[in-house]
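Just below is one structure, and these are the notes that go with it.
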Amino acid sequence: AWYVPCLASLETLQELCRKENLRCKAIGITDRNLKSYEVEYLCDYKVAEGKAYYLVKWKGWPESSNTWEPRKHLNCPLLVKNFCRDKNEYLSRVRDGKALKVRNRIKALKPAIADYIVKKAKQRIALQRWKEELNRKKNHKAMILVENTVDLEGPPLDFYYINEYKPAPGINVLNGITTGCECADCPAEKCCPKEAGFILAYNKRKKLKIQPGLPIYECNSYCRCGPDCLNRIVQKGTPYSLCIFRTNNGRGWGVKTLQKIKTNSFVMEYVGEVITSEEAERRGQLYDNQGNTYLFDLDYDSDEFTVDAARYGNVSHFVNHSCDPNLQVFNVFIDNLDLRLPRIALFSTRTIKAGEELTFDYQMKGSIDLTSDSAEGLSPSKKRIRTVCKCGAVCCRGYLN
């Protein structure tokens, strides 16, 4: 048996049912609420005979059912507030270097203003649904918020949230580990890092204590220690509430922290589709032409695999590049000890204030920092279109690659 998932929103399906006078308990349309009305958003405004009226889009009803309603009939102060804010935002936009005056006694809105207000309302609803979807799919306790106060861009249409690597056909990201440490209180002489020939990566405050380039070996699912073990950090997921926001300098979406992050703290994992380096080279040519950068080489031990976060990823998909970043890349091994397939973790390099954007250097490769100078040694087949960097850092190299 097979099925095709429905891509229509719940409200769209409800609109179809009401338009055709159909009942469907699965989507919440019954005899009791078939004719119920709830304001979804406000579309337009006018003053007639001294009374203010709003054009109302009713939730679960097609736009052909929109009606003009007097202000006193509307019990939706937040939607009225959003309407007024969007109207003033449009009227206050700068045109030819001169801001337009906002008139308080408008008799009717121009079509362009009403069109902008409707687009903003639809965007607000779409971003809210996207935020709810992200928080349903994440596997960590911290919240994910979404914010766009810059333009009318909505959620990405071809992005799917995942919490761990999605291997391409023929790639196994788990190597069947069957043993773990026997420590009653990690770390001990036979703990996972020492068995691998390295020191424990964290101190007693669960902060990173090793230098960039060294691997992190965490306790795995076969270890005797419990979930509060000192050596279980990355596997617990992002501990901070983060916000995906629209940048105002042409860098698209970005990510900022909503909480203070101390130095050497784990922030997030970089996940995506695991593909071969040959496939990455093919996709890289396409992404370069689009001006996108989502490929992350897993080159801790070899250059066999790459993580592609273009379509599948988590919050890290939206983290922007900076030549002076506040996040550092580390290779992590937990339930998979295959040196060709490390997990990629991002740790803070300094204290990061609440509200500050999170960034990492796209040329960081864990143990190798690929600078623009070393890139000159690549073969012609490896050279690609150079993408201009917009990070704004004092030490900016000028290009992402």
Next item on the list: Could you work out the local net charge near N172, counting Lys and Arg as +1, Asp and Glu as -1, over the other residues with Cβ closer than 15 Å to its Cβ?
Entry: -2
Next item on the list: For region 141-360, with all protein chains present and a 1.4 Å probe, just round the carbon and sulfur fraction of the accessible area to a whole percent.
Entry: 48 percent
Next item on the list: Would you mind getting the accessible area per residue of region 141-360, heavy atoms of the protein chains only, 1.4 Å probe, in Å²?
Entry: 46 Å²
Next item on the list: Would you mind telling me the antiparallel percentage of the DSSP bridges in the chain, rounded to 5?
Entry: 75 percent
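Hey, can you list the DSSP H helices of the chain whose Cα span along the axis is 24 Å or longer and whose average Kyte-Doolittle score is at least 1.6? Kindly include the intermediate steps, with their values, before the conclusion.
Numbers: long enough: 111-137 (39 Å, -0.94).
Span-like helices in the chain: none at all.
Could you order the peptides 347-357, 66-76 from most to least packed, using the average number of other C-beta atoms within 10 Å per residue?
Going by the mean number of other Cβ atoms within 10 Å, highest first, we get 347-357, 66-76.
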Check: Given only helices, namely DSSP H runs of n ≥ 4 each adding -39500 (n - 2.57), what is the per-residue ellipticity at 222 nm of the chain, to the nearest 500 deg cm²/dmol?
Finding: -6000 deg cm²/dmol
Next item on the list: Run the dipole for the chain about the Cα centre, Lys and Arg Cβ at +1, Asp and Glu Cβ at -1, nothing else charged, and hand back the magnitude in debye, nearest 20.
Entry: 2520 debye
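Is the shape of region 128-188 rounded, prolate or oblate, going by the alpha carbon gyration tensor and its root eigenvalues a ≥ b ≥ c, with a/c under 1.5 for rounded and a/b larger than b/c for prolate? Numbers along the way, then the final one.
Numbers: a/c = 4.17, a/b = 1.87, b/c = 2.23.
Judged from the Cα gyration tensor, region 128-188 comes out oblate (a/c at least 1.5, b/c at or above a/b).
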Notebook entry, point to check: What does the charge count near C396 come to, summing +1 for each Lys or Arg and -1 for each Asp or Glu among other residues with Cβ under 13 Å from its Cβ?
Noted result: +1
Notebook entry, point to check: If you take the alpha carbon radius of gyration of region 34-128 and divide it by 2.2 N^0.38 Å, what ratio comes out, to two decimals?
Noted result: 1.12
Item checked: Which listed pairs, of K131/K390; K138/K260; K19/K120; K204/K390, have C-alpha distances above 29 Å, in listed order -> K204/K390
Item checked: Carbon plus sulfur fraction of accessible area for region 34-128, probe 1.4 Å, in percent -> 52 percent
Checklist line | Ordering of 233-246, 18-31, 386-399 by packing [mean C-beta count within 10 Å, highest first] | finding: 233-246, 386-399, 18-31
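Determine the shape class of the chain: with a ≥ b ≥ c the square roots of the Cα gyration tensor eigenvalues, call it rounded for a/c under 1.5, and otherwise prolate if a/b is greater than b/c, oblate otherwise. List each step's numbers first, then the result.
Numbers: a/c = 2.25, a/b = 1.78, b/c = 1.26.
The shape class here is prolate.
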Notebook entry, point to check: On alpha-carbon atoms, Rg over Rh for region 37-88 using Kirkwood Rh?
Noted result: 0.94
Item checked: region 141-360: antiparallel DSSP beta bridges as a percent of all, rounded to 5 -> 65 percent
Next item on the list: Would you mind classifying region 141-360 by shape? Square roots of the alpha carbon gyration tensor eigenvalues, ordered a ≥ b ≥ c; an a/c under 1.5 is rounded, otherwise it is prolate if a/b is larger than b/c and oblate if not.
Entry: oblate
Notebook entry, point to check: Are there GluC sites (Glu not before Pro) in region 187-253 that DSSP marks as loop and that have at most 14 other Cβ atoms within 10 Å, and which are they?
Noted result: E189
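Considering only DSSP states other than H, G, I, E and B, which trypsin sites (Lys or Arg not before Pro) in region 30-65 qualify as loop sites with at most 12 other Cβ atoms within 10 Å?
Filter output for region 30-65: R32, K35.
The values are calculated or read from the model by the stated rules, or taken from the named source; none is laboratory data. Nothing here was measured: the structure is a model prediction, and the numbers come from that model. With ideal geometry, Cβ positions are generated from the backbone for all residues, glycine too; neighbour counts draw on all protein chains shown. For accessibility, only protein heavy atoms count, side chains too; no ligands or nucleic acids. Shrake-Rupley method; radii C 1.70, N 1.55, O 1.52, S 1.80 Å.
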